[in-house]
1. Give the relative contact order (percent, whole number) for the chain; include only Cα pairs under 8 Å separated by 6+ residues.
2. Region 1-78 to region 84-115: how many Å between their Cα centroids?
3. Under a plain spin-label model, where a point goes 7 Å from the Cα along Cα-to-Cβ, how far apart in nm are residue 60 and residue 43?
4. Any idea what the dipole of the chain comes to, in debye rounded to 20, about its Cα centre with Lys/Arg Cβ at +1 and Asp/Glu Cβ at -1?
5. Quick one: if you stick a label point 7 Å off each Cα along the C-beta vector at residue 112 and residue 53, how many nm between them?
6. Residue by residue through region 71-76, what is 3J(HN,Hα) from phi via Karplus (6.51 cos²θ - 1.76 cosθ + 1.60, θ = phi - 60°)? Round to whole Hz and write x for glycine and proline.
7. Go through region 7-79 and name the trypsin sites (Lys or Arg not before Pro) that are in a DSSP coil and have 12 or fewer other Cβ atoms within 10 Å of their Cβ.
Amino acid sequence: QVQLVESGGGLVQPGGSLRLSCAASGSFFAVYRMAWYRQAPGKQRELVATILREGRINYADSVKGRFTIWRDTPNNMLYLQMSSLQPADTAVYYCNADVDRDDLWGQGTQVTVSP
């Protein structure tokens, strides 16, 4: 069974930084598109950033210049470096990936930005 497992969330003060990681485990052929989403309390899940297998990247306007997404394709890892964090970034962050053309989600990791 293929799984996505996130790690790296936590509590951080405004202006701080966090790095999220996502590991794809199990038996599969290839991981294609990978992405980070987030869902704040009472809000819909929103796209944060995507990265294609060939490396093309897109960011939500709200995180451009503050967040960086990258992947370690041979090791099936996805990362999100978050800097200049603000309370509005507080949410559960989810890893999403196209694994052998199946759309998979991780369980989510909580990021809380608070003084």
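1. Values: 285 pairs, mean separation 43.2, N = 115.
The normalised contact order for the chain reaches 38 percent.
2. Taking the Cα centre of region 84-115 as reference, the centre of region 1-78 is 7 Å away.
3. So the two model labels end up 0.6 nm from each other.
4. Details: 11 positive and 10 negative charges, 49 e Å.
Result for the chain is approximately 240 debye, rounded to the nearest 20.
5. In this crude label model, residue 112 to residue 53 measures out at 3.9 nm.
6. 9, 10, 4, x, 9, 6
7. Numbers: sites: 19, 33, 38, 43, 45, 53, 56, 64, 66, 71; in loops: 43, 45, 53, 56, 64, 66.
Listed in order of number, the matching sites are 43, 56, 64.
Read-outs: derived from the displayed coordinates by stated rules, not from any lab. As the structure is a computational prediction, the values presented were derived from the model and not from experiment. Because the Cβ atoms are built from the backbone with ideal geometry, glycine has one as well, and the counts that use them run over all protein chains shown.
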